[in-house]
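Enquirer: Take this structure, written in structure tokens, and hold onto it; I'll ask about it next.
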Amino acid sequence: MNPLRRLRRELPTRSASAVVEVIKRSNGLPVAEIAARLRLSYMGVKNHCVTLEKSGHLVSRNQHQAAGRPQCIYRLTAKGQHLFPTVDHGMAISLLHEARKLFGTSAAEKLLFLHSQSELADFTAKLAALTDPSERLARLAALRDEAGHMAGVEDGCLVESHCPHEALHEAFPSTISLEESLISKLLKYPVKRLRESHDAHYQIRFAPLFASESRGEKQGVEFGSEGGAVGVGMGGRQEPSVRAGEHGGNFLKA
């Protein structure tokens, strides 16, 4: 799946598409940083941002800095997020619900677990030749990016700016824990799936467990209700979600 096709089709210019994409691949950016990443003029990017905010694709918020004046940060709105398509899981979700009716309440989770094991085998084969942890992380990020997750590496973490399977996660929260387990097994060390949101704008970070604990202490991790029960043979748990305040967050390099 290429999440950029609709973006390039629905926005008026390639420059406008590039502006939206670079913001999407971040935790929110000021005009100067967008211009630097795209190598475009400050005023050209500013005009795009103003136009895209008027059209409802972007929203701007003043963010306080440690020193100096507040900085205007641009992020995507729900309308802007809709430019990046998600997978239509309607039939799969319906079939999983029917499986529960026919074979019991755990049937759907068992099927999802089996699918996760199939994904694990597929990715493991693609990473088999890589023994260096940083090389495995970079290659996994590239594979996830190809699959539509808009993934990259930041501060030793796998960071994803798009969740193409959002509908499946909402219908079956156990898939969130299955995904966390999948990434942990592929990287060969435990990770914590953290979702940092600013209204409709979000990023998902798979942080090494010790790093996620440290991050939580610094920024305040609130345990929300996104991550319900996990897969076969595992107890339920909740997914940590970082609710962003006035801190600037970390910017994913485009």
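Enquirer: What accessible area per residue comes out for the range 61-115, rounded to a whole number of Å², with a 1.4 Å probe?
Expert: For the range 61-115, the per-residue accessible area is 66 Å².
Enquirer: Same structure again: May I ask you to compute the full-extension gain from T13 to K54, defined as 0.36 nm times their residue separation minus their alpha-carbon distance, rounded to one decimal in nm?
Expert: 13.2 nm
Enquirer: Taking all protein chains as present, what is the carbon and sulfur share of the accessible area of the range 52-107, in % to the nearest whole number, probe 1.4 Å?
Expert: Heavy-atom surface of the range 52-107 belonging to carbon and sulfur, 1.4 Å probe: 57 percent.
Enquirer: To continue, here is another question. Extending each Cα 7 Å along its Cβ direction at F210 and H97, get the distance between those two points in nm, one decimal.
Expert: Output for this residue pair reads 4.5 nm.
Enquirer: Moving on to the next point. Please say if the range 78-127 is rounded, prolate or oblate, where rounded means a/c under 1.5 for a ≥ b ≥ c the square roots of the C-alpha gyration tensor eigenvalues, and otherwise the choice is prolate for a/b larger than b/c and oblate otherwise?
Expert: Oblate shape, in that a/c is at least 1.5 and b/c is the bigger or equal ratio.
Enquirer: While we're on this one: Round to the nearest 0.05 the FRET efficiency obtained for S106 and H64 when R0 = 51 Å and r is the Cβ-Cβ distance. Can you show the working numbers first?
Expert: Numbers: r = 48 Å, r/R0 = 0.95.
In this case the efficiency is close to 0.60.
Enquirer: Given the whole protein assembly as supplied and a 1.4 Å probe, what does the accessible area of D132 come to in Å², nearest 10?
Expert: Counting only protein heavy atoms, D132 exposes about 60 Å² to solvent.
Enquirer: Further, regarding this structure: If I model a spin label at V153 and D122 as a point 7 Å from the Cα along the Cα→Cβ vector, what separation in nanometres do I get?
Expert: My value for the distance between the label points is 2.3 nm.
Enquirer: Turning to a different aspect of this structure: Leaving out ligands and nucleic acids, note down the accessible area per residue over the range 136-201 with a 1.4 angstrom probe, in whole Å². It would help to have the intermediate numbers written out before the result.
Expert: Details: 2060 Å² over 66 residues.
Heavy-atom accessible area per residue stands at 31 Å².
Enquirer: How big is the accessible area of H162 in square angstrom, nearest 10, if you roll a 1.4 angstrom probe over the protein chains?
Expert: So the heavy atoms of H162 present about 0 Å² to solvent.
The values are calculated or read from the model by the stated rules, or taken from the named source; none is laboratory data. Bear in mind the structure is a predicted one, so any value in this text is a computation, not a measurement. A quick note on method: Cβ atoms are made from the backbone with ideal geometry, for glycine too, and the neighbour counts reach across all protein chains shown. Side chains are part of the model used for accessible areas, which takes the heavy atoms of the whole protein and leaves out ligands, DNA and RNA. Shrake-Rupley method; radii C 1.70, N 1.55, O 1.52, S 1.80 Å.
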